Amino acid sequence: CANPRLRQLLTDLARTLHAYTIRNDLTPQEWQRAVDFLTEAGHITTDTRQEFILLSDTLGMSSVVDALANSRNPDTTSSAILGPFYVAGPPAAEHGSDIAGGLTGTPMWADIQVTDQQGEPVSGAVVDVWQSNEDGFYDVQLPDLDGPVLRARFTTDADGRFTFWSILPSEYPIPDDGPVGRMLAAVGRHPYRAPHVHFLINAPEYQPLITQLFVRGGAYLDGAPGQRDAVFGVKDDLITDFVRRTGPTPDGRPVDGEWRLLEFTFRIARR
Ligand code: DHB
Ligand code: FE
């Protein structure tokens, strides 16, 4: 056999689907409906929209595959799914810069450190950050922006640190105007993700870490399946305080009213 692994996967997939069909007494109409659904989903593929990714995410498949590949290690920060809004090669940004590009929102100062499993700083780590705006949209979903906003690439300093200004992310629906959105609605599920900021950390000699930080107190962090995060992305150690502050800011920038402080240390694993 040319590809024994593929043969094993396909054989068991067929067996699993047959058992599912028998268990649920699936009708020909229902199976045809499923084939039509997959056909329609397969036709939705653009740069910023892939319905099969949404299907993988909302069925919990992305999350399970991530959990298997990155099993929980108490000395390292949990991983989380990449999601469809990552753009490779975001613009390099200086420490302390503002990545919000003038978009309105609650100002947020992030003070991030990257360490190894022993807590020793990892300098020269390349960290990509991306997030939605206060209405829950990523720049790639907004028609009249010129250039990337709310995404940037930082390199950690000798203390493994970098800092930046941004705005507080909010909850947002995954794109729900297609077949996956109709599927969620038909079974009484909402399409919302809990508010989060994405991070992708690469450092020589370390395993890459793809993860997200969730705003403690935000919507959709927990609850029954169907009530919590629509793509099952939340892990306890990734829920963190985005502390409400007023008054002087760490870099002296004047801010009217409330701002948020995000301090977090990522622990990454050696290769
Ligand atoms: C994300 C967005 C999605 O639409 C999805 O299906 C999964 C993740 C995200 O940005 O995290
Ligand atoms: Fe996201």
*asked:* So, restricting to helices (runs of 4 or more DSSP H) that lie completely within the stretch 2-67, which ones have at least 1 residues that are surrounded by 11 or more Cβ atoms within 10 Å (Cβ to Cβ) and within 16 Å of ligand 2 (Cβ to nearest atom)?
replied: 51-58
*Applying the selection to the stretch 224-242, what residues are closer than 21 Å to VAL180 by Cα and either surrounded by fewer than 17 Cβ atoms within 10 Å (Cβ to Cβ) or under 14 Å from the mean Cα position of the chain (by Cα) (or both)?*
ALA224, PRO225, GLY226, GLN227, ASP229, ALA230, VAL231, PHE232, GLY233, VAL234
*Is the stretch 204-226 home to any residue that is away from ligand 1 (no atom under 11 Å from the Cβ) and in contact with a helix residue (DSSP H, G or I) (Cβ under 7 Å, 6 or more places away or on another chain)?*
yes
*Members of the stretch 244-271 found to be among the basic types (Lys, Arg) and in a strand (DSSP E or B), listed by number*: ARG244, ARG245, ARG260, ARG267, ARG270
*Pairs, first closer than 18 Å to PRO107 by Cα in the stretch 127-151, second more than 13 Å from ligand 2 (Cβ to nearest atom) and of a type in the set (Gly, Ala, Ser), C-beta under 6 Å, six or more apart*: VAL129/ALA152; GLU134/GLY105; VAL149/GLY101
*Out of THR21, THR45, THR11, THR58, report the one residue that is of a type in the set (S, T, N, Q), at pLDDT 95 or above, touching a helix residue (DSSP H, G or I) at 6+ places or on another chain (Cβ under 8 Å) and more than 30 Å from PHE264 (Cβ to Cβ).*
THR21
_Test of understanding: among LEU150, LEU103, which residue is within 13 Å of ligand 2 (Cβ to nearest atom), buried (at least 16 other Cβ atoms within 10 Å of the Cβ) and under 26 Å from PRO191 (Cβ atoms)?_
LEU150
_Quick check on my filter: what residues within the stretch 111-134 are within 16 Å of ligand 2 (Cβ to nearest atom) and under 27 Å from ASP256 (Cβ atoms)?_
VAL129, TRP130, GLN131, SER132, ASN133, GLU134
*Subset of the stretch 135-147 [away from ligand 2 (no atom under 15 Å from the Cβ) and of a type in the set (D, E, K, R)]*: ASP144, ASP146
*If a residue has to be under 20 Å from the mean Cα position of the chain (by Cα) and either of a type outside the set (D, E, K, R) or under 15 Å from TYR192 (Cα atoms) (or both) to count, how many in the stretch 123-149 make the cut?*
18
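The values are calculated or read from the model by the stated rules, or taken from the named source; none is laboratory data. Quantities reported herein were computed from a predicted structural model and do not represent experimental measurements. Reconstructed Cβ throughout: ideal geometry from the backbone, glycine too, with neighbour counts over all protein chains shown.
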